[in-house]
Protein chains: 2
Amino acid sequence: MTPVLAFHFDFISPFGYFASLRIEDLAARHGRSVEWHPMLLGVSVMKVMGLKPLLDTPLKGPYTERDVLRYAREHSVPMLRQPRDAVMNPLTCGRALAWVNRHQPQRAAEVVHAIYGAYWGRGLDLSTPGSLVPVVGEEIAQAAASDEAAALLRAEVDAALQAGVFGSPTVVVDGEPFWGIDKFEQIDRWLTRGGW
Amino acid sequence: MTPVLAFHFDFISPFGYFASLRIEDLAARHGRSVEWHPMLLGVSVMKVMGLKPLLDTPLKGPYTERDVLRYAREHSVPMLRQPRDAVMNPLTCGRALAWVNRHQPQRAAEVVHAIYGAYWGRGLDLSTPGSLVPVVGEEIAQAAASDEAAALLRAEVDAALQAGVFGSPTVVVDGEPFWGIDKFEQIDRWLTRGGW
């Protein structure tokens, strides 16, 4: 069986978006495949860690907005600047992916890229199943509205917390968590050396 | 006048320690000198941002301890593992450096390396002026106990907040803040290209 990189992210996370554009290349360089795991910062950051949302945090919020634009510019990532008061509710997107992971896992990468591209690249609101139809198709959009999808997302979120995942993006390599797009080079070295 | 890199750090920050070992090399590669600025996470994180201490934050605390050890191992940095309940009060060290910045700025680098090496490398507690004597000498240790040093540190902390600094380490390049040791490669590219 091909070893994996477990890639955890929240669809509202711009650095999760950036990482989604690089994770397959990182995995391929080391003969691994990617697992695409939706998580919810609203659960990990606010409920479990007891912190406020990043953009509402003094100093760190403005810094993060700057850091995001800097990254997008350096890496030429297509991106619409999102208004701070319009952070999308990511539940529908997370449920769609959780359902895909269970029922059509071979489509997970395609679905992630479609959702991230539509939200961060084109600025579409994807908070309802109806809004997902043109992005991921009728079947997955309808499935996102199901109780099953909601339960599958809860299971994903619980599993992520169990694995120590709290931020987006986080890559878990054979049980070792690496948080942040800034860790991609370290993951690369880690995989090359087999730990250290 | 030589352009500078403004390097902000808290002495209790392990990533500040790691960054202190690389900042001069980064600056020298770009014909810059280093300004060594003490800051206090207890003020920025707890008072201004309203967050709890990093190591007391669920999920993030244990991750950070792991991340620190991983960095130290990869970069072969001499380091004693600090017990979590023994985080040093950094006021005395910060005051010593603030006083040095005003009165003996040419010794700032030496003082930072001496303090960081003693605390993170050898595990010494440096929370009192007396404990600083063998590390930075009698004159600076005594000065650290002065009202002037306390006022100078307050001014440093205020100036750091004004510059948007909230974490340790932060490097401010011509007004542009970069937070975290993981940003050193990006700073390098930024300096090479003159922004982007």
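Explain nothing, just the number: dipole magnitude of the range A:64-196 about its Cα centre with +1 on each Lys and Arg Cβ and -1 on each Asp and Glu Cβ, in debye rounded to the nearest 20. Present the calculation step by step, with values, prior to reporting the outcome.
Numbers: 13 positive and 17 negative charges, 68 e Å.
Value, rounded to 20: 320 debye.
Just to verify a number: FRET efficiency for residue B:162 and residue B:102, C-beta to C-beta distance, R0 = 25 Å, to 0.05? Mind dumping the intermediate values first?
On the way: r = 18 Å, r/R0 = 0.72.
For R0 = 25 Å, the calculated efficiency reads 0.90.
At 7 Å along the Cα-to-beta-carbon direction for both residue B:188 and residue A:65, put a label point, then send me their distance in nm to one decimal.
Using points 7 Å along Cα→Cβ, the separation is 3.1 nm.
Of all DSSP beta bridges in the protein assembly as shown, what percent run antiparallel (nearest 5)? Mind showing how you got there, number by number?
Details: 14 of 26 bridges.
Within the protein assembly as shown, antiparallel bridges account for around 55 percent of the total.
Just rank A:128, A:170, fewest to most, by other beta-carbon atoms within 10 angstrom.
In order of increasing Cβ crowding within 10 Å: A:128, A:170.
Assigning unit charges at the beta carbon (Lys, Arg +1; Asp, Glu -1) and nothing else, what dipole magnitude in debye, to the nearest 20, does the range A:20-140 show about its Cα centre? It would help to have the intermediate numbers written out before the result.
Values: 15 positive and 12 negative charges, 70 e Å.
The dipole magnitude comes to about 340 debye.
Lysines within cross-link reach of residue A:47: Cα-Cα under 22 Å, excluding same-chain residues under 8 positions apart?
A:60, B:47, B:52, B:60
Amide H to amide H under 5 Å from residue A:51: which residues, 5+ apart in sequence or cross-chain, H placed 1.01 Å off N in plane?
Amide H neighbours of residue A:51: A:46.
Amide H to amide H under 5 Å from residue B:34: which residues, 5+ apart in sequence or cross-chain, H placed 1.01 Å off N in plane?
HN-HN under 5 Å from residue B:34: B:5.
Which is farthest toward the positive dipole end of the range A:110-196 among A:169, A:151, A:133, measuring Cα position about the Cα centre, with Cβ charges +1 (Lys, Arg) and -1 (Asp, Glu)?
Working it through, the farthest residue towards the positive pole turns out to be A:169.
Rounded to the nearest 500, what is the 222 nm mean residue ellipticity of chain A from helices alone, with -39500 (n - 2.57) per DSSP H run of 4+ residues and division by all residues?
Details: 9 runs with 91 residues, N = 196.
Mean residue ellipticity at 222 nm (helix-derived): -13500 deg cm²/dmol.
Can you give the % of DSSP beta bridges in chain B that are antiparallel, to the nearest 5? Walk me through the intermediate numbers first.
Numbers: 7 of 13 bridges.
Restricted to chain B, the bridges split so that about 55 percent are antiparallel.
Can you compute the charge dipole magnitude of the protein assembly as shown about its Cα centre, using +1 on each Lys and Arg Cβ and -1 on each Asp and Glu Cβ, nothing else charged? Give it in debye, rounded to the nearest 20. Please list the in-between numbers first.
Working: 38 positive and 44 negative charges, 35 e Å.
With Lys and Arg at +1 and Asp and Glu at -1, about 160 debye.
Bear in mind that the values in this text are calculations on the coordinates, not laboratory data. Note that the structure is a prediction, hence the values are computed from the model and not measured. As a convention, Cβ positions derive from the backbone with ideal geometry for all residues, glycine included, and neighbour counts pool all protein chains shown.
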